[in-house]
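Chemist: What follows is a structure written as structure tokens; I'll ask about it next.
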Ligand SMILES: [Zn+2]
């Protein structure tokens with residue numbers, strides 16, 4: 001009897017993220033199957049090579065660069081965890097220079113904008129208290 005496993009399952013097996021029964025089934029089949037062993041070796045090799053070249057592909061092609069809006073939201077801390085993790089990975093681990101430059105640029109814009117908002121708030125506060133004072137007593 002031959003059990004068949006998908007590549008996705010073998011990947012999950014390498015990550016040890018399959019249900020225990022399925023892990024056991026693969027392990028058992030592995031012992032008697034050169035073909036399955038070979039596939040695992042290939043998948044494992046591809047993963048390592050893939051991880052190594054991922055950054056290069058990104059750098060070269062600027063694949064999957066987050067949009068400027070996403071980078072801006074990331075800086076403001078309003079991105080969902082998963083997306084924020086992706087941006088962090090992209091900018092810090094992959095080291096995308098283009099996005100790192102955008103982040104730097106956005107950071108400057110934001111701190112300028114923050115200063116302006118504080119300034120406006122302060123003005124509004126003074127204006128409203130001035131109005132309040134002017135209104136004074138009837
Ligand atoms: Zn990028």
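Quick note: the coordinates plus some simple rules give every number you see, no bench work behind them. If you're wondering where the values come from, they're calculated on a predicted model, not measured in any experiment. Neighbour counts are summed over all protein chains in view; Cβ atoms, including those assigned to glycine, are modelled from backbone coordinates with ideal geometry.
Chemist: Let me check against my output: what whole-number percent is the relative contact order of region 60-121, with C-alpha pairs under 8 Å and at least 6 apart?
Modeler: Relative contact order here is 36 percent.
Chemist: Now a separate question. Put a dot 7 Å past each Cα toward the Cβ at residue 7 and residue 92; how far apart are the dots in nm?
Modeler: 3.1
Chemist: Using 0.36 nm per residue of separation minus the Cα-Cα distance, give me the extension gain between residue 15 and residue 44 in nm, one decimal.
Modeler: Computed gain between residue 15 and residue 44 is 9.4 nm.
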